[in-house]
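*Asks:* I'd like to ask you about the structure that follows.
The values are calculated or read from the model by the stated rules, or taken from the named source; none is laboratory data. In this text, all values refer to a predicted model and were calculated from it rather than measured experimentally. So basically every Cβ, Gly included, is an ideal-geometry build from the backbone, and we count neighbours across all protein chains shown. For accessibility, only protein heavy atoms count, side chains too; no ligands or nucleic acids. Shrake-Rupley method; radii C 1.70, N 1.55, O 1.52, S 1.80 Å.
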Amino acid sequence: MKYELITIGGKERAIRYGFWALAQFCEMCNIKLSELGRLEKDLDLKQAIYLIYVGLEDGARKSGQEVELSVEDVADCLDEDDTLIAQALDVFAKFQAKPKKGKSASLKKK
């Protein structure tokens, strides 16, 4: 998956959660890669802002656009649209989902 598009700050923007975004997020929030799976249940507000920011930063990089929003801008956008956290988590979940393997991989040996 290359990136998804979401509307934030009145503009459609690319958002992506590749390994670079995850590395940045883990560093910003001082968490380990193994802790990412709990985010949907235990995400605090500052982590949500950082998660959206790194996703937008990575999406801009992959789509060839410039990053136009700062972390503070992302927080301001949340003031205007409280659905952004849910939208970002949906995209995050898509990037974390493992692709299904072909039929042959799911066949049991007899």
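*Asks:* Roughly how many nanometres apart are two label points built 7 Å out from the Cα toward the Cβ at Lys11 and Asp81?
*Replies:* 1.3
*Asks:* So what is the 222 nm mean residue ellipticity for the chain from helices alone, if each DSSP H run of at least 4 adds -39500 (n - 2.57) and you divide by all residues, rounding to the nearest 500 deg cm²/dmol?
*Replies:* It comes out at -16500 deg cm²/dmol, rounded to the nearest 500.
*Asks:* Right, here's the next one. Identify, among Ile6, Phe92, Ser34, the residue whose Cα sits farthest towards the positive end of the charge dipole of region 1-102, taking +1 on the Cβ of Lys and Arg and -1 on the Cβ of Asp and Glu, with the dipole about the Cα centre.
*Replies:* Going by the charge dipole, the pick is Ser34.
*Asks:* Working from Cα positions, state the angle (0 to 90°, nearest 10) between the long axis of helix 45-63 and the longest principal axis of the chain.
*Replies:* It works out to around 80 degrees.
*Asks:* Could you give the angle, 0 to 90 degrees to the nearest 10, between helix 84-96's Cα long axis and the longest principal axis of the Cα atoms of the chain?
*Replies:* 30
*Asks:* Let's see if you can work this out: charge +1 on each Lys and Arg Cβ, -1 on each Asp and Glu Cβ, no other charges. What is the dipole magnitude of the chain about its Cα centre, in debye to the nearest 20?
*Replies:* Using only the charged Cβ atoms, the result is roughly 1660 debye.
*Asks:* Less than 13 Å from a label point 7 Å out along the Cα-to-Cβ axis of Asp90: which backbone N atoms in region 5-48 qualify, by residue?
*Replies:* 5-8
*Asks:* Also, quick follow-up: Among Leu69, Thr83, Gln24, flag the residue with its Cα farthest along the positive direction of the charge dipole of the chain, charges on Cβ as +1 for Lys/Arg and -1 for Asp/Glu.
*Replies:* Going by the Cα projections, it comes out as Gln24.
*Asks:* When we measure straight from the Cα of Lys2, which aspartates and glutamates land under 14 angstrom away, once same-chain ones fewer than 8 places off are left out?
*Replies:* Candidates past the 8-residue exclusion: Glu57, Asp58.
*Asks:* Moving to a separate point now. Quick one: order Asp44, Asp79, Asp90, Asp73 from most to least accessible surface, probe 1.4 Å.
*Replies:* Correct descending sequence by accessible area is Asp79, Asp90, Asp44, Asp73.
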